[in-house]
């Protein structure tokens, strides 16, 4: 396989946690009071951050960590929990020095969370945003990542806890199946793959991955789409930040879990851009089958390992990533 893909990515991570409203440092009567106390704790650990209004999220420059209230998790004064989301600045996977920087900052943010008894409730999740280190995703890259996300969805589901595959009864689904969006459910996997392959623009790929309804008017930009699928491509549309977001990972319980999901996402996407040049891989994707005895899960493991090698990780680090995200 000959690579024509960018070796490096930019990324951002969103960490959702819940904090007890009654804490050894005091009892918080509002979300803002708790957030300011947590912000100060993280600041004293050398990580620049601010407390942000979630309504201002589209205007964030992502130059420092931000603490925002997570709307998908209830947060009530004096209730058992206060919801909190830590939104990272934009990082580079890059050199060893760059990796030590972002890993160190995630470690210190988690030290602040831990001091405030943060927990990963069932409603919490970890989101990873990716974009190329320069320019924007090209249409061929967007198509390749979309098709791989659909093809490997059952394999990724297999390493997720049950509540990140099917929500509990009566709860909202914040990472619905990309295969089962409005278009995929009606037209089927094969047609979804074919249409992504033939998509004339990024807007069409967004629709096939994030459709909420089957039809749209004359302009594809009017299509009814939602970010709340396993893979969110809506950030590639007009006004978006230019990222592809992997929304399925569960809430992290510590720095290692956050770091592992970030690295897994980078490895997966790096592998996509490598395998797309292989003669066999596109045929497997089109047929929705694995090589040999249809062992797609084994093929998935090989796929992620290839991406990890291309990202420059040694065998010990690859084994660590695999074990942390549950790839046996």
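A short reminder: the numbers here are calculations on the coordinates, not readings from a lab. Source: prediction; values computed, not measured. Glycine also receives a Cβ, built like all others from the backbone with ideal geometry; neighbour counts cover every protein chain displayed.
Each semi-axis of the equivalent ellipsoid for region 105-154 is √(5λ) with λ an eigenvalue of the Cα gyration tensor; in descending order they amount to 33, 17, 6 Å.
What is the extension gain from residue 241 to residue 279, computed as 0.36 nm multiplied by their sequence separation minus the C-alpha to C-alpha distance, in nm to one decimal?
Details: separation 38, 0.36 × 38 = 13.68 nm, distance 3.27 nm.
Between residue 241 and residue 279, full extension yields an extra 10.4 nm.
Annotation: peptides 123-130, 254-261, ranked by per-residue average of other Cβ atoms within 10 Å with the highest first, follow the order 123-130, 254-261.
Based on DSSP, what percent of beta bridges with both residues in the chain are antiparallel, to the nearest 5? Of the beta bridges lying entirely in the chain, close to 90 percent run antiparallel.
Over the chain, calculate the relative contact order: mean separation of alpha carbon pairs under 8 Å at least 6 apart, over the residue count, as a percent.
After rounding, I find 20 percent.
In the chain, the calculated helix contribution to ellipticity at 222 nm averages -12500 deg cm²/dmol per residue, counting -39,500 (n - 2.57) for every DSSP H run with n ≥ 4.
Label-to-label distance for residue 328 and residue 162 is 1.7 nm, based on points extended 7 Å past Cα in the beta-carbon direction.
Between residue 101 and residue 190, what is the FRET efficiency for a Förster distance of 45 Å, r being their Cβ-Cβ separation, to the nearest 0.05?
Efficiency for this residue pair is about 0.55.
Highest-first packing order for the peptide set 86-92, 222-228, 279-285 is 86-92, 222-228, 279-285, based on the mean count of other beta carbon atoms within 10 Å.
Please give the contour-minus-distance gain from residue 306 to residue 254: 0.36 nm per residue of separation, less the Cα-Cα distance, rounded to one decimal in nm.
Working: separation 52, 0.36 × 52 = 18.72 nm, distance 2.62 nm.
Extra length available between residue 306 and residue 254 comes to 16.1 nm.
Dividing the convex hull volume of the alpha carbon atoms of region 210-328 by its residue count, what do you get in Å³ per residue? Don't jump to the answer; show the numbers that get you there.
On the way: hull volume 18.2 nm³, N = 119.
About 153 Å³ per residue, rounded to a whole number.
The Cα atoms of region 78-211 cover 50, 43, 25 Å along the three principal axes, with the biggest extent listed first.
Seen against the Cα atoms of the chain and their longest principal axis, helix 296-310 is set at about 70 degrees.
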